[in-house]
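Written below as structure tokens is the structure these notes are about.
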Amino acid sequence: QVQLVESGGGLVQAGGSLRVSCAASGLPFSSYLMGWFRQAPGKEHKFVAAISWSGRDTYYADSVKGRFTISRDNAKNTVYLQMNSLIPEDTAVYYCGASAGAPLVLAGYRYWGQGTQVTVSS
């Protein structure tokens, strides 16, 4: 059974930093592209960042470029999202997903975690 479990969310002040993690099990982790999407209240899921199976290629939404960094540790079956210079607009539930090859498209992801709440106060 495939499981993706996010952790590390919480409440942080604007300008602060937070790192969320996603631990995977039940799938060949190093064969999957991993990504993060987020959903703010009343809004649709939006792409945040993705990383190729090797970690060599990364992708970012324009809104987070330069502030967020995605990374992965294939030995630990874990993907991370380091979030710096957080702003209130970053407030959302953050979901990690495993994709067979389409990094930017929600429909390209085969497995999802349950999400972790990130709240940025002004």
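Here's the picture: charge each Lys and Arg Cβ at +1 and each Asp and Glu Cβ at -1 in the chain, and of Gln117, Ser25, Val12 the one pushed furthest to the positive end of that dipole is Ser25.
In whole percent, how big is the carbon plus sulfur part of the accessible area of the chain, probe 1.4 Å, protein atoms only?
Values: 3030 of 6160 Å².
Carbon and sulfur: 49 percent of the exposed surface of the chain.
List the trypsin sites (Lys or Arg not before Pro) within the stretch 1-46 that DSSP assigns to loop and that have no more than 11 neighbouring Cβ atoms inside 10 Å.
Details: sites: Arg19, Arg38, Lys43, Lys46; in loops: Lys43.
Of the trypsin sites (Lys or Arg not before Pro), the ones in loops of the stretch 1-46 whose Cβ has at most 11 other Cβ atoms within 10 Å are Lys43.
Only the Cβ atoms of Lys and Arg (+1) and of Asp and Glu (-1) were treated as charged; on that basis the dipole of the chain about its Cα centre amounts to roughly 120 debye. The tail of the calculated P(r) for the chain beyond 20 Å holds 34 percent of all Cα-Cα pairs. Mind checking which aspartates and glutamates have their Cα closer than 15 Å to the Cα of Lys43? Skip sequence neighbours fewer than 8 apart in that chain. List returned: Glu89, Asp90. Each part gets one Cα centre, and for the stretch 9-29 versus the stretch 90-122 those centres are 10 Å apart. Ligands, DNA and RNA are left out, and with a 1.4 angstrom probe the accessible area of the chain is 50 Å² per residue.
The values are calculated or read from the model by the stated rules, or taken from the named source; none is laboratory data. In this text the structure is predicted, and so the values were computed from the model without any measurement. Glycine also receives a Cβ, built like all others from the backbone with ideal geometry; neighbour counts cover every protein chain displayed. In case anyone asks, the SASA skips ligands and DNA or RNA and just uses the protein heavy atoms, side chains included. Shrake-Rupley method; radii C 1.70, N 1.55, O 1.52, S 1.80 Å.
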